[in-house]
Amino acid sequence: MLSLLAQIDIEPIDTPDVDWPVLVPLLVMSVGGILMLTFASILKRLPSSVWSIATVLLSAATAITVIPLWMRVTDTANSASSTLAGSVAFDGFSLFLTVVIAFAVGLTALLSDDYLKREGLEGPELYVLLMMSGAGGIIMAFANDLIVLFLGLEILSIAVYVLAAMHVRKLQSQEAGMKYFILGAFSSAFFLYGIALIYGATGSTNLIDIKNFLSVTVLADDALLLAGFALMLVGLGFKVAAVPFHFWTPDVYQGAPTPVVAYMASGVKAAGFAAIIRVFVLTFEQYRTDWQPVIYVLAVLSLLLGSFLAIVQTDIKRMLAYSSISHAGFILVGVQAATDRGTSAVLFYLAAYAFMVIGSFGVLTVAGGKGDAAQSLEDYQGLSKRSPFLAFALMVFLFSQAGVPLTTGFFAKFGVISAAIDARSFWLGVIAMISAVVGAFLYLRVIVTMFFAGDDDHDSDDGESAGQDDIGDDADVASTDKIDVPLGAQIAIGMCLLVTVVFGIWPGPIDDLAREAIPRLVQESPAALFGN
Amino acid sequence: MTSTLTLAAADVSFPVLTALIVVPAIGALLVALLPGSGRPELTKEAATIASVITGAMSLWVLYEFNMADAGFQFTESASWVEGFGISWALGLDGISLFLVVLTGILFPIAILGVDPGHDHKPYYAWLLILEAGVMGVFLTLDLFFFFVFFEIVLVPMYFLIGKWGHGNRQYAATKFFLYTMAGSALMLVGILATAFLTASATGNDVTFNIVELAEGQALARDTARWIFLSFALAFAVKVPLFPVHTWLPDAHTEAPTAGSVILAGVMLKLGTYGFLRFGLYLFPEASVYFAPFMMTLGVIGIIYGAIAATMQKDLKRLVAYSSIAHLGFIVLGTFALNTEGIEGGLLQMVNHGVSTGALFLLVGMIYERRHTRLISELSGLQKSAPVMAGVFTVVMLSSIGLPGLNGFVGEYLTLLGAFNAHRWWAIVAAGGVILAALYLLWAYQRVFHGPAEGDNATMADLSLSEGLTLAPLLALIVFMGIYPKPVIERMEPAVDALVAHIEDAVPGFTEPVANFRTAEDAESHSDDEHGDEEHSEEEGE
C-alpha cells in the first residue's frame, strides 16, 4: 500500500519545460497591464497622466527586456528555440515584432493622455486595454501553435473592440466598436474553423509538427488543408485589412478614437502579419504554390482598391484608412515572395509603417480638436500656418507613406518590391508602383491643402513682391488659431519623425536587424520534437 | 570591373563629390533652422554662401579634372545598406563634369538673382535641397541612389512651384509631381530587375553599382530591352519627349523665376543625362535597337516644340516650348550613337542650361516690372530698356544657334552626328533650327520693337544687380561659342569610351561615321576608317 502510494508520489506531472527568460517581454506587458488594472481600482484619485506614463515605461521595459534575448538569439551557439512544449517560438522574428508592438503601445499611450483629457475620458481603462492588446500581439508574434495563435488573436482583438468604442459620448465611436466587434468575431470564427480543418488534415496544431508532418507525408486529398488555408487567410486578412476583407476599415478608422486608430494601424497590423508569415511563409512552405496566387490576388486588390478609393475620400481618417489598406497590399507583396528577402522586407515595412502611421494619426489626434471634429480635408487648410510643426510632421509622414526617398517609407517599398522582383513577380512590382503613384496623388492632396490652400488669392498674378505682408491673414482659412501641441504628442510625433527621417536616410541598421530576424523561424528544438 | 573605380581615384583625399551633395544639404538645414522669419536677408545670405561654396567646389573639380582620363574620377565608395548591395558610390567623368559645373553655377545665380517675395526661409531651404538632389543625380554611380536623387528633386520643385509660383500653380505643381513620379515608378522596377537579374545571371551578390552592371552586361537581350523601356519612360517624362511633355509648359509657366531657371537649366538634363548614363551605358544593345525610335521622338519634339512655341501668347510659355525643341536636339544627338552626336547633345545640355536659364531670368525680370508675360501686352521695350533688349538679343541668338555663340556649336555637332547616323532625321531636324529663328525673332520683334505706350514706355532698364546676375551667363554664351575646345576636349575621352563600350557590347554595331572626315575626327578614333552607314541602319531606311 505504502509502496503504491510512494509510487504515485514519484510519478511527476508531465509539465513542459519553461524557458522563463523568453517569456519576460510578454510578462512585462501582460502582468504590467493586470497590475495597472489592480492599482487603478485601488488608487482612484491618481491623475490620469500617471497611467499614461506607466504604460510608456512598461512598454519601454518590454522593449528593453528584448535586448538580452536578442543577443542570445543572434548568438549562433545558442540561437532560436521553442519552449512550452514547442508552442512558443523564440527567434529573432518574434523579438523584432515584439519591439514593434511595444513601440506601438508606448507611442499610442503618449498620444492618448492629452486626447483623453481633451475628451473628458480620463482614466486607466484605455491604457490597460492597450497593454492587454499589446500582450495579445506579442503572443501572436511568439505563437508557434495555432491554438496559442488564436489565444493571442483574441486577447488582442477583444481589447481593441473595446478601445474602438472607447469614446462613450460619441455615437460614431460606438458604431465603430460595434462594427469591428461583429465583423471581427466573424473573422475569428473563420480563423478558428480554419485551425480545426488544418488539425483535421495534419493531426496537430503545433506548427513544427504540422511542418514535419507535411514534409514527410503526401496528402492524397488536400482539400481539407486547402480549405483550412482559405479560412485562416480570411481571419488574418481581416486583421490586416486586406481587400476583400477590408470593409470595416474606413468606418472603424473614422469612428474610433484617433490614438486607438494609430494603434490599430500599427500594432494590430504587425501582429496580423506576424501570424501570416509564420503560418504561411514558414509552416506551409511546401504548399506555397497553393497559397501564393491567393496572396498575389489579395495584394493586387488591396493595392489598387486601397489607393484608388482613398482618392475620392474627403474625410482624412477615411483617407488614411484606405491608404492603410493599400499599405497592407504592399506588405502582402513581400509576403507573396515567400522568401527570406520577402520576410525581412515585410519586417522592415512593418517597423517603418508603425512609426509613420502612428505619427500621422498622432498629428490627426492633435489637429482633430475636441471631439475629433476636424476630420474633413477642409479642416486641414492652412495647417502650416496654425501649426508649422504639425504640418511639417504630417508632410514627412505622408511623403513617407507615398514612398518618397529619404524616408523609411521609400526603403520599405523598395524592400518589398525588390523581394517581388527577386521572386520574379515583375507584374506585381509594376502594379505596386502604379498604386504608389496613385497613392502619391492622395497624399499630395493633403499636403496641398495644408501648405498651399488659403494663400491662393493673395498673389495670384500680381507679382511676388506684393505677397510679403498679407501672407498671415488669409480670410478663408477655417480657423487661424494656433494649435497647441501637448507635450506627450510632441514627444510621440517627434520620435516618429526622427525614426522616419533618420532611418530613411540611413536604413542600414533596421534592415540588418530585419535580416537577422529571418532565418531562425520555426526551428525544431529537440524537446519539442521528441520529448513531451 | 571595379578597377575602373579604384584606378581613377588619383590623389584626391578630400571627398569633394560628397561635399558637392552635402554642402547644399547642410546649407538647407541651416537656412531652415535660422531664427527669425522676419529677416529674409539673413536666410538669403546663408543660402548664397552655401550655393557659392558648392559652385566654387564644382569649379575646383573642373580645374582638377584630368582631361586624358575617360573613366570616373574623384571616385568614392562606401557601403550603405549591405544587405542590398547598395553603396554610396560617386564618380565624375567627362559626361557629368559640365553638368555638375552648370549646376554649381546656375544655383547661385538663381538664388542671388531672384527674390521670392514671401516665405524666404523655406524657399531657400527648398532650393538648396534641390541643388543637393540634382548634384546627387549627376554624381552617383549607384542605381539605388540615382533613383533616390532622381525622385527627391521632385519634392523641392513641387513646393517651389506650388508655393511661390503664379496663377494655377497648385495644379501645375501636382501635375509635375505626378507626371514625373508616374514616369519613374516603372524605372524602380527596372532598376531592381537589372540588379537582381544580373546577380542571378552572374551568380554574384546583388549590386547596384552601374560600373559593375554595365561592364557585366549579363542580361538577356529581350529582358534588357524591356528594362531599357522602363528607364526610357522615366527619362522621356523628365526630358520631356513628345507624347509625355504636357507637364512642362504648365510647370514652367507657373513656376517662380528661379524655379523655371533651375527646371530648364538643370532638371530637364536629368532625363537626357539619364539616357546617356543609364540608357546607353547600361543597355547598349537596347539603345541601338531603340535608337531610331528615340531619334524619331526627338525630331517630333523639335518640330512640335517649335511650332507650338510659335503659337504661344505667353512669353514664358514660349520659352517653355522652345525647351521641348531644344531637348529634342539633345535626344537626337544622343541616339545618333556616335561621338559627334553625343558630344553635341552634351554640349547642348550645357548650352540650353545657360541660354534658357538666362531667357527665363529675363522673362522673370520683365514680369516683375510689367506684371504680365503676355506678348500682346508688351511692346517697344527696347526704347525704355535698351540694355535689357541687348542682352535679350544675345541670349536669344544663342538659343537660335547663331554661329559665334554657344548654341551653334552644339546644334551643329548634334546635326552632324544625326546626319551620319540617319540623314533624313537630321534634315528634318534642321528645319527646327529655322523655326527656332522664326518664333524667337518674332517674339523679340513683338516685345521689344514697335510703339511703346503706357507702362511699356516707362519700364526700368536692367539694374546693376540684375546685370551682374546675367553677366556670367552672357560670358559663357560668348566664350563657349567662340572657343568650345576646352569643353569638348574634356568631354571627348568619356564620350569616345561610351561609344566604344556600345561597340564592344553590341555585336555588329559600329559607330555611324561619315565617309568624309575632318582631320579632327580622324584623330579621335583611328579605327573603323571606312564609312559604315549601312551597319548602323539595321532598322532599314
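The figures follow:
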item	result
Exclusive hit being within 14 Å of chain A (Cβ to nearest Cβ) and crowded, with 21+ Cβ neighbours inside 10 Å, set B:86, B:95, B:105	B:86
Single unsatisfied condition, residue B:142 versus (1) more than 9 Å from chain A (Cβ to nearest Cβ); (2) in contact with an Asp or Glu (Cβ under 9 Å, 6 or more places away or on another chain); (3) of a type outside the set (Ser, Thr, Tyr)	(2)
Single match in B:1, B:67 (criterion: surrounded by fewer than 19 Cβ atoms within 10 Å (Cβ to Cβ) and modelled with pLDDT under 80)	B:1
Test: residue in segment B:185-192 that is modelled with pLDDT under 90, surrounded by 24 or more Cβ atoms within 10 Å (Cβ to Cβ) and small (Gly, Ala, Ser)	yes
Helices (runs of 4 or more DSSP H) wholly inside segment A:315-402 containing at least 3 residues that are among the hydroxyl-bearing types (Ser, Thr, Tyr) and more than 13 Å from chain B (Cβ to nearest Cβ)	A:316-337, A:340-367
Segment A:407-427 - residue that is part of a helix (DSSP H, G or I) and without any contact (Cβ under 8 Å) to a residue 60 or more places away in the chain and, of those, nearest to the chain's Cα centre (by Cα)	A:414
Qualifying residue in segment A:73-86 (condition: surrounded by fewer than 18 Cβ atoms within 10 Å (Cβ to Cβ), in contact with a helix residue (DSSP H, G or I) (Cβ under 7 Å, 6 or more places away or on another chain), in a loop (DSSP other than H, G, I, E, B) and modelled with pLDDT under 90)	yes
Test result for residue B:359, in contact with a helix residue (DSSP H, G or I) (Cβ under 9 Å, 6 or more places away or on another chain) and on the phi > 0 side of the Ramachandran plot	no
Among (1) without any contact (Cβ under 8 Å) to a residue 40 or more places away in the chain; (2) more than 10 Å from chain B (Cβ to nearest Cβ) - the single one residue A:430 does not satisfy	(2)
Check on residue A:177, within 21 Å of the chain's Cα centre (by Cα), surrounded by 15 or more Cβ atoms within 10 Å (Cβ to Cβ) and modelled with pLDDT of 90 or more	yes
Test result for residue B:406, within 20 Å of the chain's Cα centre (by Cα), within 23 Å of residue B:100 (Cβ to Cβ) and modelled with pLDDT under 90	yes
Helices (runs of 4 or more DSSP H) contained entirely in segment B:375-458, each with at least 3 residues that are crowded, with 22+ Cβ neighbours inside 10 Å and either at negative phi or not small (Gly, Ala, Ser) (or both)	B:386-400, B:406-421, B:423-448
Pairs, first closer than 14 Å to residue A:397 by Cα in segment A:495-514, second at pLDDT below 90 and β-branched (Val, Ile, Thr), C-beta under 6 Å, six or more apart	A:503/A:510
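Here's the yes/no breakdown for (1) within 8 Å of chain A (Cβ to nearest Cβ); (2) within 23 Å of residue B:122 (Cβ to Cβ); (3) touching a Cys at 6+ places or on another chain (Cβ under 7 Å); (4) in contact (Cβ under 8 Å) with a residue 60 or more places away in the chain:
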{"residue": "B:153", "(1), (2), (3), (4)": "no, yes, no, yes"}
{"residue": "B:167", "(1), (2), (3), (4)": "yes, yes, no, yes"}
{"residue": "B:178", "(1), (2), (3), (4)": "yes, yes, no, no"}
{"residue": "B:187", "(1), (2), (3), (4)": "no, no, no, no"}
{"residue": "B:202", "(1), (2), (3), (4)": "no, no, no, no"}
{"residue": "B:205", "(1), (2), (3), (4)": "no, no, no, yes"}
{"residue": "B:209", "(1), (2), (3), (4)": "no, no, no, yes"}
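This table checks each residue for (1) under 26 Å from residue A:110 (Cβ atoms); (2) crowded, with 16+ Cβ neighbours inside 10 Å; (3) of a type in the set (S, T, N, Q); (4) over 25 Å from the mean Cα position of the chain (by Cα).
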site: A:15; (1), (2), (3), (4): no, no, yes, yes
site: A:22; (1), (2), (3), (4): no, yes, no, no
site: A:25; (1), (2), (3), (4): yes, yes, no, no
site: A:28; (1), (2), (3), (4): yes, yes, no, no
site: A:36; (1), (2), (3), (4): yes, yes, no, no
site: A:40; (1), (2), (3), (4): yes, yes, no, yes
site: A:48; (1), (2), (3), (4): yes, yes, yes, yes
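The values are calculated or read from the model by the stated rules, or taken from the named source; none is laboratory data. Since this is a predicted model, take the numbers as computed values, not measurements. In this analysis, Cβ positions are derived from the backbone assuming ideal geometry, glycine residues included, and neighbour counts consider all displayed protein chains.
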